1. Return the residues of the range 255-277 that are within 18 Å of PHE112 (Cα to Cα) and β-branched (Val, Ile, Thr); say none if nothing qualifies.
2. Residues of the range 98-125 being out of contact with any Pro (no Cβ under 6 Å at 6 or more places or on another chain) and among the β-branched types (Val, Ile, Thr), which ones?
3. Taking GLU221, is it within 23 Å of the chain's Cα centre (by Cα), acidic (Asp, Glu) and within 16 Å of ARG163 (Cβ to Cβ)?
4. Please go through the range 253-283 and give me each residue that is touching a Leu at 6+ places or on another chain (Cβ under 9 Å) and either at positive phi or part of a helix (DSSP H, G or I) (or both), ordered by number.
5. Go through the range 73-129 and report how many residues are of a type in the set (D, E, K, R) and within 22 Å of the chain's Cα centre (by Cα).
6. Got a sec? Which of ARG95, ARG89 is part of a helix (DSSP H, G or I) and touching a Pro at 6+ places or on another chain (Cβ under 9 Å)?
7. Quickly run through the range 154-180 and pick out the residues that are of a type outside the set (Val, Ile, Thr), in contact with a helix residue (DSSP H, G or I) (Cβ under 9 Å, 6 or more places away or on another chain) and surrounded by fewer than 19 Cβ atoms within 10 Å (Cβ to Cβ).
8. Residue check, VAL238 against (1) within 17 Å of the chain's Cα centre (by Cα); (2) within 28 Å of PRO101 (Cβ to Cβ), all met but one. Which one?
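The values are calculated or read from the model by the stated rules, or taken from the named source; none is laboratory data. It should be emphasised that the depicted structure is a prediction, and the values quoted were computed from it without experimental measurement. Counting neighbours? That spans all protein chains shown, and the Cβs are built from the backbone with ideal geometry, glycine included.
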Amino acid sequence: MPRILILGATGYIGSALASSLLRSNHTVYGLARTPSKANQLARQEIIPVLGSVQDSAAYIALIHTAHIDIVIDCAGANQESATVLSDVRTAGEERLKQKGPKLGFVYTSGTFVHGSSQRRVSDLDPVGTAEANAQPPRLVAWRPQMERDVLSAGDVLHTVVVRPSLVYGREHGVWSSFFGPVLDAAERGEEGVVKVPLRLGSRPALVHVDDVAEGMRCVVEKLPLLAGTGVYPVFDLVTSQESMEDIFRAFAREVGLKGRVELVGAGEDDIFALAMQSDGNLDASRAEQLLGWRPGRRGFVERMAVFAKAFVAAQEKV
């Protein structure tokens, strides 16, 4: 089994991925910024590495001493991801000089790079170019070039780009700033309107965090087979496209909101909400066909009774 280093192992996607890999008997190392985060990893049977993506000395040394086979960047470090790629590429060059096998590198991007798409698109469609169907929102305008840089490193590394769509489930990470005000109004017994800064009529592409983890596990286990075959190593992960209005109505109902939710659209300066309200008419069939990905958690609105309770419980834990 390959030895894997996860950058972002304590994060929303990273923690789910680490659990999935451990269940498949992989050896998993995780980068941790603080001793408390390192202890959190150790309790989950993940081998902690103290360090950060800003200071790569610790994890680059580990790549050599522990003979890491694959580095997975799901740290969500935005533009700092370029530094991670540069450092891992240097480690990969050192390994090749020593006549070792290529180091694997998996970069976690996202389907926001497709922009707000009305027509059906897939991971083979160009992004961030004049030929693209739509341009990515400002939040991730830099990311298409980052993806290209990752793929260009294929001469030194075995590279794969994984693009989860809008992720939900468990503590519902990215949904907190939108679900939070609805929950607060419900707990206060308010009967008025809760305005949510997302576009009425938007239909995002969605995927459960556990299915993201399974998709990335499939990438790890198929990486030796993908390498050198000519397969375009970019995979979108999506399981449904659902109405944002339906999502919030269902959430409001489950948390007992007496009033109603109104989607009012994102302001021009709210770059996160502008990205969240992107339409995602996406095709993830390549991930299923080539990786053997079998998602099992389809449908956000359908199981909102469970998901809303998970979100409420996560707030109480904080």
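1. Selection gives ILE271 alone.
2. VAL106, THR108, THR111, VAL121
3. No; evaluated as a whole, the condition is false for this residue.
4. Across the range 253-283, the qualifying residues are VAL255, GLY265, ILE271, PHE272, ALA273, LEU274, ALA275, MET276.
5. 7
6. Exactly one of ARG95, ARG89 is part of a helix (DSSP H, G or I) and touching a Pro at 6+ places or on another chain (Cβ under 9 Å), namely ARG95.
7. ARG170, GLU171, GLY173, SER176, SER177, GLY180 - these are the residues of the range 154-180 that are of a type outside the set (Val, Ile, Thr), in contact with a helix residue (DSSP H, G or I) (Cβ under 9 Å, 6 or more places away or on another chain) and surrounded by fewer than 19 Cβ atoms within 10 Å (Cβ to Cβ).
8. Here VAL238 meets the rest and fails (2).
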